[in-house]
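Values in this text are rule-based calculations from the coordinates and carry no lab data. The model shown is predicted, which means the values in this text are computed figures rather than measured ones. Cβ coordinates were reconstructed from backbone atoms using ideal geometry, including for glycine residues, and neighbour counts include every protein chain displayed.
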């Protein structure tokens, strides 16, 4: 596959959001937020579009030549999503886009796992907020390629990279890339098992 990773452009946002929605279609957290499969299919693209647009405003977003996947990264000393930044970046619209109950379920899990973020990896560090590749293109090295720009920057400056996942299949993928599991925890409200990772 002739593919390269580059910074996302405005024209790429919808295709990247669609690929991320497909990538997370069977993710445990997305399933918990949207138990109804049809609703998950319909609302996930808007969900990920909001995340991509936030990343474009406050971080770096990379995609592939044909939009098969994307990664949203927040830079050192900019990883906290404050209420002011959430409003400025459009994340405050998520309850309208997702539905209030769905947004509450989603954010309750993020609030739980977020309590460990700065405890385990103080600033400065890079935060991989979202990473996904359309399942039709799995196994082609795109996930690894999408992470390369940020991993290179982090390595050059001696900064760690932090991320979380609720998808068990992602654990060996990240470990192969040199990430180490910091925590394996269960969210008491959802019952979801969650992993946090750090790459030094």
### Message
Per DSSP helix of 4 or more residues, -39500 (n - 2.57); summed, then divided by the residues of the chain. What does that give at 222 nm, rounded to the nearest 500?
### Response
-14500 deg cm²/dmol
### Query
How many angstrom lie between the C-alpha centres of the range 114-131 and the range 58-97?
14
#### Entry: Mean Cβ neighbour count within 10 Å, used as a protection proxy, ranking 185-191, 138-144 highest first
138-144, 185-191
### Task
Just rank 110, 91, fewest to most, by other beta-carbon atoms within 10 angstrom.
110, 91
### Task
Take every Cα pair under 8 Å in the chain that's 6+ residues apart, average their separations, divide by the length, and report that relative contact order as a whole percent.
23
### Task
Please report how far the C-alpha centroid of the range 14-32 lies from that of the range 168-200, rounded to the nearest whole angstrom.
18
### Query
Does the chain come out rounded, prolate or oblate, given a ≥ b ≥ c as the square roots of the eigenvalues of its C-alpha gyration tensor, rounded meaning a/c under 1.5 and, failing that, prolate meaning a/b above b/c?
rounded
### Query
In which sequence would 183, 43 go, from the one with the fewest C-beta neighbours within 10 Å to the one with the most?
183, 43
